Structure formats: structure tokens, C-alpha cells
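No value in this document is a laboratory result; all are computed from the given coordinates. Note that the structure is a prediction, hence the values are computed from the model and not measured. A quick note on method: Cβ atoms are made from the backbone with ideal geometry, for glycine too, and the neighbour counts reach across all protein chains shown.
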Amino acid sequence: GPKVLQIPSHQIIDMGQMVTLNCDPVSNHLYFYWYKQILGQQMEFLVNFYNGKVMEKSKLFKDQFSVERPDGSYFTLKIQPTALEDSAVYFCASSLGVSNERLFFGHGTKLSVL
Amino acid sequence: SQLAEENPWALSVHEGESVTVNCSYKTSITALQWYRQKSGEGPAQLILIRSNEREKRNGRLRATLDTSSQSSSLSITATRCEDTAVYFCATVRGSALGRLHFGAGTQLIVIP
């Protein structure tokens, strides 16, 4: 079936550094999402993105977070600067439409902030 | 606050047995989705059931939805070892733009 690819699978950085998480969504999908999952907890919505713009973001999407998809390339999540509490697995997802649509998730990028 | 919650937290069954995972939620919804997440992977949608539906099937899977009690169940018949995973319910509110509210999940282990 359709696949969402996330690169890298694991990233280790020092607190205060910048990190960019990359996502290659399903090719004909129009809506893109980031979710955050801390070990042992539920997955939580961060942001959704459509037509070059953030449509909705949660309280977890701090000012240090930004997303973009320049020229239809990777959909990225940038954190600058990182904090210890940003350590989690970040899942990218995409969908063809919105509202009750099926989301296709990647395998996640595990971010470890030291 | 957690808008969706699965129970039990974990359970195990022997291969071939049937199993049911339950979900309770706290708000009005337009749909509820069941996802499965295997170790090292992202969640994969199993069933989407809309608020005006009471039951949905997908092969060995059957989901029910009771909007009056704000609960849902996912049943798996003839379980297989590859069904071992964490099962999540996720609610959808309004147009929501893909904003799913996940529970913490039920860990299912299928014993060969």
C-alpha cells in the first residue's frame, strides 16, 4: 500500500541544537501531519499542513517548531532550539483529503535530546 | 486531558482465539478510527466507523460504535501471531482536518 517514509529513523542531538525531521509523504496526498509520541504515552497531534500553510496546530507545537514543504519536496519539522522534553518519536502522516479520511503514517523518527 | 481511552491496558490470547478491545471517549465525534501499531512501525488504520454507523467489518475485524454510551469495541476473530501489536482508538471531532485524538492503546499479545 501507500507508504510514508521518514528519515532518519533515529536522531541524537545535544540540547539547544537545531534538528530537522524529514518526511516523504504519499505522492498524491495533499494534507500532511506531525504527531508526537512519548514512550508509553498516547500519540498527540502537533500540526497539519495544506497548500503551503499550517491549518491547525496544538499547544504542543511550540514557537521553536516550524514546518514546511518547499517545492513539493520533503515535508519537514524543524525544532530550533531543542529541549530535553522534545525527546520522543515523531510520526509524519499524510492523507488525500480531510475529515474522516484515512491517515497513512510513517514509521517515525526517534529523537533523543541529550 | 485524554479524550479517548482503551481498555484493558494489555491482554494476551492464544492463537486462534477471539479477542475484544474496548474504547471509551469523552466528546461528541464525527467518526472513530481503530489503528494497529506494531513494534518499530507507525500506526496503520484498521477500521473507520462514522457516528451514524453502528458496526463495521474488515475481514476478521469487527468494530462497533455506541454513541449513547460513547464507547466502541474492536473484535478480532481467529487471532494470529501477527496480530500482536498495540491497538488504538482515535476519535475525530467536527471537520478536524485530520486531528485525531488517540488513546494510550491496548497491548495485545497473541501466543503461538
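Observations on the structure shown:
- Beta-bridge orientation, the protein assembly as shown: approximately 90 percent antiparallel, per DSSP, counting only bridges with both partners inside.
- Relative to one another, the C-alpha centroids of region B:55-70 and region A:4-32 are positioned 34 Å apart.
- A simple spin-label model places pseudo-atoms 7 Å from Cα toward Cβ; at residue A:59 and residue B:52 they are separated by 3.4 nm.
- Of the trypsin sites (Lys or Arg not before Pro) in region B:28-101, the ones in a loop by DSSP (not H, G, I, E or B) with at most 12 other beta carbons within 10 Å are B:54, B:80.
- Coarse-grained scattering of region A:70-114 at q = 0.25, 0.31 Å⁻¹, given as base-10 log I(q)/I(0) from a Debye sum over alpha-carbon atoms: -0.99, -1.13
- Above 17 Å, the calculated P(r) of region A:5-63 contains 53 percent of its Cα-Cα pairs.
- Chain B - Rg and Dmax from Cα coordinates, angstrom: 13.3, 42
- FRET efficiency, 1/(1 + (r/R0)^6) with R0 45 Å, evaluated for residue A:3 and residue B:14 via beta carbons: 0.90
- For chain A, projected area of the alpha-carbon convex hull averaged over all directions, nm²: 6.9
- Set against the 2.2 N^0.38 Å expectation for a compact globular protein, the protein assembly as shown has a Cα radius of gyration ratio of 1.01.
- Extension gain for residue A:28-residue A:71 works out to 14.1 nm (0.36 nm per residue, less the C-alpha to C-alpha distance).
- Cα pair distances exceeding 16 angstrom across region B:48-112, given as percent: 55
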